[in-house]
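Since the structure comes first, as structure tokens, the remarks are kept for the end.
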Amino acid sequence: MPSTLYEFCLYYAEMFPLAVHSVRMERTGSPAPSCVSMKSDWSMEPPIALREGPFPTGRLLSQCQRRIKCTLKKKCECVFEGKAKEGQPTLLNEIYTELYITEGGTGGVNDEHEVRQIETASKKRRTEDTTVKCNDIFKPLCGRKTPIRTVLTKGVAGIGKTVSVQKVILDWAEGKANQDVHFIFPLPFRDLNLINGKYSLIELLHHFVPGLKPLKSTELFRYKVLFIFDGLDECRLPLDFQNNESWVDVTKRTSLDVLLTNLIKGNLLPSALLWITSRPAATNQIHPKYIHQVTEIRGFSDAQKEEYFRKRFSDQSLASRIITHVKSSRSLFIMCHIPVFCWISATVLERLFSETDRGEVPRTLTEMYTHFLIFHTSLKNDKYMKKHETRLNKSCKSDREFLLKLGKLAFHHLERGNLIFYEQDLTENGIDVTEASVYSGVCTEVFKEEYGLYQEKVYCFVHLSIQEYLAALYVFLSNSSANLLKTAVDQALKSKNGHLDLYLRFLLGLSTASSKTLLQRLLGQKRMRSHKIKETSQYIKEKIMENLSPERTINLFHCLNELGDNSLVEEVQRYLNSGRLSAEPLSPAQYSALAFVLLMSDEELDVFDMKKFTRSYTGQWRLLPLVKTSRTALVYRCELTKKCCEVLASALRSNSSHLKELDLSDNDLQDSGVKLLSAGLENHHCNVEILRLSGCRVTEGGCSSLASALRSNPSHLRELDLSYNHPGDSGVKLLSAVLEDPSCKLEKLNVDHGGECRTRPGLQKYSCQLTLDPNTAHRRLSLSGGDRKVTWGAWQPYPNLPERFEYRPQVLCRESLTGRCYWEAELRGIDARIGVTYKGIGRKGHSADCQLGANDKSWSLRCSPHRNIEPSGSCRVGVYLDWEAGTLSFYRVSSDGLTLLRRVTSSFTEPLYPGFLVTEYSSVSLCMLG
Ligand SMILES: Nc1ncnc2c1ncn2[C@@H]1O[C@H](COP(=O)(O)OP(=O)(O)OP(=O)(O)O)[C@@H](O)[C@H]1O
């Protein structure tokens, strides 16, 4: 696999020599200036024309690079966390903690391109994540071979998009990564919003990257360049891809919107790489056909959360105390997967731990931000008011006034999507600039020199989420409308890019009783308006059931959580099963978001039944962390794989796990998965008493991992179901020894129905060999192929027997079935029925009592090979019976695998006999499996 961008280009050249050749031809055949602005003939989906080298070198180039790298290094080496004023910058490399970045699903990716279609089709449905390092963001994922031009990285507020961008730039500037890229041009939407008038692309770049000026414009684009557009959600341009004129010349002036849309479309600089980041709700501003890869930042994993706090504090004992504290509260620990929350929590908890009277420790997002504000306000009061004790009482009043002014600024600008302010904006809101600098942790300066663009000082909040919080605080304190909350819900839902989503969450969070108590501490206000919390919850639930996008719906779930509504689990189940999602199932990212919401709620699930949350299996396994919040977890037949066992093992290791019963039956876990799972079972936090691994393709190896886990942690497991596996004699022996060991709790071990055939993949592991019973065959049916084929035809001279079907052209198998069985039959001709029946089905006469599937003794599927199954006139149907579970499933068998045709559920009370009804000119054969 190529590892750098440059290697990719070479790789691409090898893979698609013609495409590269044609691009090269166009370039060399053109004089230099037009070569730069050359537009390939991309009428539909553009082939990707990355620069493949060799690239021109020279002194000028290295001088420019050095200068630009130096500027970018200076700009990116510190994290902007509001400490700049105090002369204590936070170094990015000191606090940077690797983030968990994954492929963001194919949802947003252009799959129209022929090559990609083939790749997508050949791709196996994956139930695992592909993780990506931020420096490898342009590496094609999941088996794709086509090189990537445009990557969209999405992630919720504060998850680390900007920091990732900063880290990639810093590593490049420091010569640590992506050195095949000659230039990186960071163009955050936040800054692009400030551009007025017309520019050529070259002029725009010179504005943002003055160090480029010595290079001739025509030369510039012969190099490999990477544009980074951070914060699409902050973009105030219309991005009118449909109506903007096509623009191909980098030296001609036009509006910024035209420049950007043409750059993204690939009309301008088709060879450039583009990286766009966005909060999820705003990604729809760019049509998926212009995006070649989507990644998702999922924040910190549990281990990374700890690492973050350890890096953050030089005092390791403080770090340990904070980690222990954060871990002791489920919602705090879960929220810490969002880095901005870690930062806010680190600030707040450091302070709380230094106080003797800690009061209530914050539990929700809103409470944590309120504490953050209390912290910065008291910091200011400590610093500036110490000598004037008498003024302290007055401070609450002035804080309130100041925060209201700041909040007003935050709100009005947020409404308009404005995130950068001028001095004039501050004064218009009655904010004195020196007063603002007193609150330096909250509102901090950015100086013009930093961008080389601005002629005057500009201001912004240290993080957008702080602006969103202050905006909510302002509205909460100043708006006395009885319908405030409902109106805010409507207003947020109207927004196209979700720019009011987080604001809404804060506003709802502020209206709860616990938040009000906190606010009183901050503002000294005695009375606060009460809001109709229940009514608002109900209103949000109604909205959830409307046809909103999953992103908006998920935000509404967050809102319910902020309101402390306890019906989240029920609501999420209702939403998932409402049928609204059938056209477009949830993406993996959306499943993660739901898991997050559910984990955040304080509800304990008595039984977590994965099937109740979903009908398809494309990303639902991301709900697996919920296992630890339930007592019984039913995750059987959910297409889980080895990778999922890691998630499960981590749930088993969790000290907050309440799990007692775990049913993982019928998943393809195999020995490697069971080994991973065993690592969780042996942990002393694990208290699982019943574990079902029936039909998981476990052999001796898996048994040995289980046996050693049970010996390491002998006190919990009472029952282990390993039926329908292949433990072999040695596996059974190992586990039987555990059963007999008095120090182990194991009381029940089920290794029934074992055997070599159970190691076959899928349902085939339950295959059973069937033969037709000639004594039951109707006289029009003749048997052949060792009693495995039945054909309708001439009358047969069969003796008259009580078990023979007299009028219905049917035949049954000899074998009676209980347990789990799978068989396949090939149907030819016009019409046939395939099914199962109790022995007592009627044999003589025309009544429905005698017909397979037409009474309460039998169940069947009608197959018309001609019409509804396969145009070729033949079809293969798989039947899976799980007698104990009471399910009978019919599948269409094709080269793509099994497609469920119908599932019947019933409680079977007697053994079942497979049977067939075969009509004129038709035949049915039982297939040999394995
Ligand atoms: N990888 C990381 N390591 C350490 N801290 C991080 C990391 N990523 C983010 N942070 C912390 O979280 C804060 C917010 O991150 P960032 O600004 O990158 O979020 P974002 O996804 O761009 O948010 P938004 O969508 O609101 O703009 C940072 O200021 C920093 O304190």
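Taking the accessible area of the range 572-758, probe 1.4 Å, and keeping the other protein chains in place, the carbon and sulfur fraction comes to 47%. Averaged per residue, the range 128-287 has 31 square angstrom of accessible surface, using a 1.4 angstrom probe with ligands and nucleic acids left out.
Rounded, prolate or oblate: which one fits the range 748-865, using the alpha carbon gyration tensor with axes a ≥ b ≥ c (rounded when a/c is under 1.5, else prolate when a/b beats b/c, else oblate)? Taking the square roots of the gyration eigenvalues as a ≥ b ≥ c, the range 748-865 is prolate. Accessible area per residue for the range 764-926, computed on protein heavy atoms with a 1.4 Å probe, is 44 Å². Pairs from the list K73/K216; K265/K494; K494/K628; K75/K224; K305/K534 with a Cα-Cα gap above 26 Å: K265/K494; K494/K628; K305/K534. List the trypsin sites (Lys or Arg not before Pro) in the range 484-561 that DSSP assigns to loop (not H, G, I, E or B) and whose Cβ has at most 14 other Cβ atoms within 10 Å. Which are they? Answer by residue number: K496, K526, R527, R529. Dipole of the range 572-758, Cα-centred, from +1 at each Lys and Arg C-beta and -1 at each Asp and Glu C-beta, to the nearest 20 debye? Taking the Cα centre of the range 572-758 as origin, the dipole is about 460 debye. Only protein atoms count toward the accessible area here, which uses a 1.4 Å probe; on the range 453-559, the carbon and sulfur part of that area reaches 48 percent. So the label point goes 7 Å from the Cα of Q63 along Cα→C-beta, right? Which residues of the range 188-223 then have their backbone N under 17 Å from it? Output list for this probe position: 210-220. Between the range 691-759 and the range 792-831, the alpha-carbon centres lie 39 Å apart. The accessible surface of the range 795-930, taken with every protein chain in place and a 1.4 Å probe, is 49 percent carbon and sulfur.
Checking a compactness column here: for the range 128-287, what do you get for Rg(Cα) / (2.2 N^0.38 Å), N being the number of residues? With N residues counted in the range 128-287, Rg over 2.2 N^0.38 Å equals 1.02.
Across the range 683-691, computed HN-Hα scalar couplings (Karplus, 6.51 cos²θ - 1.76 cosθ + 1.60, θ = phi - 60°) run 6, 5, 7, 6, 10, 5, 9, 10, 10 Hz from first to last residue, x flagging Gly and Pro.
Taken per residue, the accessible surface of the range 572-758 reaches 39 Å², heavy atoms only and a 1.4 Å probe. Residues whose amide H lies under 5 Å from that of D666, counting only those 5 or more places away or on a different chain, are R637, S694, G695, C696; hydrogens are built 1.01 Å from N in the peptide plane.
Calculated FRET efficiency, R711 to S329, Cβ-Cβ distance, R0 = 25 Å: about 0.15 to the nearest 0.05. Between D606 and Q491, the distance separating the two model label sites (each 7 Å from Cα on the Cα→Cβ line) works out to 4.2 nm. Charged side chains reduced to their Cβ positions (Lys and Arg at +1, Asp and Glu at -1) give the range 764-926 a dipole of some 200 debye around its Cα centre.
The values are calculated or read from the model by the stated rules, or taken from the named source; none is laboratory data. Everything quoted here is computed from the prediction, not taken from an experiment. Note: ideal-geometry Cβ built from the backbone for every residue, glycine included; neighbour counts use all protein chains shown. What goes into the accessible areas is simple: the full protein's heavy atoms, side chains included, and nothing from ligands, DNA or RNA. Shrake-Rupley method; radii C 1.70, N 1.55, O 1.52, S 1.80 Å.
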